[in-house]
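The values are calculated or read from the model by the stated rules, or taken from the named source; none is laboratory data. These numbers were taken from a predicted model, which means no experiment stands behind them. For neighbour counting, all protein chains shown are included, and Cβ atoms are generated from backbone atoms with ideal geometry for every residue, glycine included. Areas reflect the complete protein model, heavy atoms only, side chains present, ligands, DNA and RNA absent. Shrake-Rupley method; radii C 1.70, N 1.55, O 1.52, S 1.80 Å.
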Amino acid sequence: MARFGTSSRLLVSVLCFGAAASPHLARAQNLRDRIGDLFIFGPGQQPLFLAGSGDPNNPASLQAHGLHFIPSSNAENGALIAFITDALGTSIGSIPIGSTSGGETFRFEGGVPILTSTSSGPIFAERAQTLGRGRVLAGISRTGFRFATLRGVDMGDINLVFTHQNVDFPGCDAQFGGDCTLYGIPRLENDAMDFHLSMDLDVRVTSMYITYGVTNRFDFSVVVPIVQAEFRGESDAQIRPFGGDSAVHYFSGTPSNPVLTAHRQSLGSSSGLGDVALRLKVNLRDTPDASFAILADGRFPTGSEEDLLGAGKFSGRALMIINSKFGDFSPHLNAGYLYHAAKQQNDAVLGTVGFDQRLADPVTLAVDLVTELQVGDS
């Protein structure tokens with residue numbers, strides 16, 4: 001993570017860099033479709049279509065069985081497929097952005113830079129101090145993430161069960177000797193599909209920011225993140241017949257020699273503009289021993305939701321910032337509330353606690369613990 005205090009002319013150069021990156025973003029792959037591909041087992045097919053049962057060479061009565069798991073993916077279980085992609089995109093949009101008030105800061109006297117900070121500051125937390133009227137801080141940070149769990153479930157071990165459609169047609173009751181409006185009649189409706197999903201998502205975020213001191217106690221910041229995402233996924237499906245000597249639900253083969261398993265792999269990557277953030281910070285108290293400030297920021301849905309570069313919805317947060325200083329040791333606390341406009345994402349109570357310790361003139365040790373406690377129903 002590198003930060004440099006400099007003149008306001010850097011504002012133009014940083015924003016121009018972001019604009020120059022934009023043409024590349026438009027050519028990015030659609031990662032949301034890559035995740036959906038894990039549920040499709042043949043070119044041009046729908047999710048959970050059984051190509052063996054639905055083979056055009058089969059009798060029409062057998063071909064119909066190729067479609068019987070599709071409503072399951074499009075309805076209740078389809079909501080789960082959508083949730084997986086929505087949750088990943090929203091999580092990427094919520095990745096912590098590096099501090100926009102830390103770093104080595106300087107003032108220029110006679111063209112000579114004079115250091116004005118005691119350390120490089122925190123990593124993810126914000127300091128209560130403001131820059132001062134007319135001062136500018138420009139910086140760039142690089143952060144990498146690997147997603148390990150989804151709602152507490154290991155992303156390498158997601159298990160789903162897809163159910164059969166409840167079918168009914170003229171003459172069904174007489175043919176199968178029961179009320180076909182009831183689930184389980186005919187008996188083949190008890191067939192199920194076990195589905196194992198493994199996903200690996202690596203994200204790297206390069207955040208460029210400009211902070212400007214509007215007054216001695218009021219800072220305004222713009223954060224422009226460039227996101228790179230790499231996705232790798234595998235899926236394994238297993239048809240679980242309820243009984244009988246032959247099968248009507250199978251991925252390939254014949255009813256007497258069916259292939260009841262299928263495997264799918266999907267790879268993809270994307271890069272581009274993430275969700276741009278605007279920040280306002282007001283310092284309410286600043287002494288040599290302790291400082292107090294409030295911060296409000298909003299993230300706007302500028303990143304492509306389809307490419308998992310952004311949340312697709314606005315989010316905002318308000319933070320209380322407290323930090324102190326004991327020689328070269330500076331503890332800090334940020335606490336506040338996060339609002340999500342996205343219905344599939346909970347609001348949350350936020351807390352970041354840590355410290356930065358200046359070890360030598362060019363070396364700062366910084367530690368931050370970033371927490372998020374979601375509120376409301378899951």
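So here's what we get for this one:
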{"item": "Qualifying residue in region 344-354 (condition: over 23 Å from THR211 (Cβ atoms), touching a residue at least 60 places away in the same chain (Cβ under 8 Å) and open to solvent by 20 Å² or more (accessible area, probe 1.4 Å))", "result": "yes"}
{"item": "Scan of region 355-369 for residues that are open to solvent by less than 70 Å² (accessible area, probe 1.4 Å) and either within 30 Å of ILE84 (Cβ to Cβ) or in contact with a His (Cβ under 8 Å, 6 or more places away or on another chain) (or both), ordered by number", "result": "PHE355, ASP356, ASP368"}
{"item": "Residue match in region 236-248 (condition: of a type in the set (Asp, Glu) and free of Cβ contacts under 8 Å to residues at least 24 places away in the same chain)", "result": "yes"}
{"item": "Elements of type helices (runs of 4 or more DSSP H) contained in region 37-120, each with 3 or more residues being modelled with pLDDT under 70", "result": "76-93"}
{"item": "Condition broken by THR181, with the remaining ones in (1) among the β-branched types (Val, Ile, Thr); (2) part of a loop (DSSP other than H, G, I, E, B); (3) open to solvent by less than 60 Å² (accessible area, probe 1.4 Å) satisfied", "result": "(3)"}
{"item": "Residue list for region 146-181, filter: farther than 25 Å from THR261 by Cβ and touching a strand residue (DSSP E or B) at 6+ places or on another chain (Cβ under 8 Å)", "result": "ARG146, PHE147, ALA148"}
{"item": "Members of region 277-289 that are open to solvent by 30 Å² or more (accessible area, probe 1.4 Å) and either of a type outside the set (S, T, N, Q) or in contact with a His (Cβ under 6 Å, 6 or more places away or on another chain) (or both)", "result": "LEU278, LEU280, VAL282, LEU284, ARG285, ASP286, PRO288, ASP289"}
{"item": "Any hit, region 330-341, residues being over 30 Å from ARG34 (Cβ atoms) and at pLDDT below 90", "result": "yes"}
{"item": "Residue in region 290-306 that is surrounded by fewer than 16 Cβ atoms within 10 Å (Cβ to Cβ) and over 23 Å from PHE220 (Cβ atoms) present", "result": "yes"}
{"item": "Residues of region 155-183 classified as under 29 Å from the mean Cα position of the chain (by Cα) and farther than 30 Å from ASP202 by Cα, total", "result": "1"}
{"item": "Residue tally, condition surrounded by fewer than 19 Cβ atoms within 10 Å (Cβ to Cβ), at pLDDT 50 or above and not in a loop (DSSP other than H, G, I, E, B), over region 3-36", "result": "2"}
{"item": "Selection from region 219-234 of residues that are among the polar types (S, T, N, Q) and open to solvent by less than 30 Å² (accessible area, probe 1.4 Å)", "result": "SER221"}
{"item": "Among residues of region 267-295, those that are under 19 Å from ALA342 (Cβ atoms) and either part of a loop (DSSP other than H, G, I, E, B) or of a type in the set (Gly, Ala, Ser) (or both), counted", "result": "4"}
{"item": "Residue in region 303-323 that is polar (S, T, N, Q), farther than 21 Å from GLY213 by Cβ, in contact with a helix residue (DSSP H, G or I) (Cβ under 6 Å, 6 or more places away or on another chain) and part of a strand (DSSP E or B) present", "result": "no"}
{"item": "One residue from TYR209, TYR183, TYR250 being within 27 Å of PHE300 (Cα to Cα) and of a type in the set (Ser, Thr, Tyr)", "result": "TYR209"}
{"item": "Residue among ARG133, ARG142 that is surrounded by fewer than 21 Cβ atoms within 10 Å (Cβ to Cβ), at pLDDT 85 or above and outside any strand (DSSP E or B)", "result": "ARG133"}
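A quick yes/no check of all residues on (1) modelled with pLDDT of 90 or more; (2) open to solvent by 60 Å² or more (accessible area, probe 1.4 Å); (3) under 30 Å from PHE292 (Cα atoms); (4) in contact with a strand residue (DSSP E or B) (Cβ under 8 Å, 6 or more places away or on another chain):
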{"residue": "ARG204", "(1), (2), (3), (4)": "yes, yes, no, yes"}
{"residue": "ASP236", "(1), (2), (3), (4)": "yes, yes, no, yes"}
{"residue": "GLY243", "(1), (2), (3), (4)": "no, no, no, no"}
{"residue": "HIS249", "(1), (2), (3), (4)": "yes, no, no, yes"}
{"residue": "SER252", "(1), (2), (3), (4)": "yes, no, no, yes"}
{"residue": "PRO255", "(1), (2), (3), (4)": "no, no, no, no"}
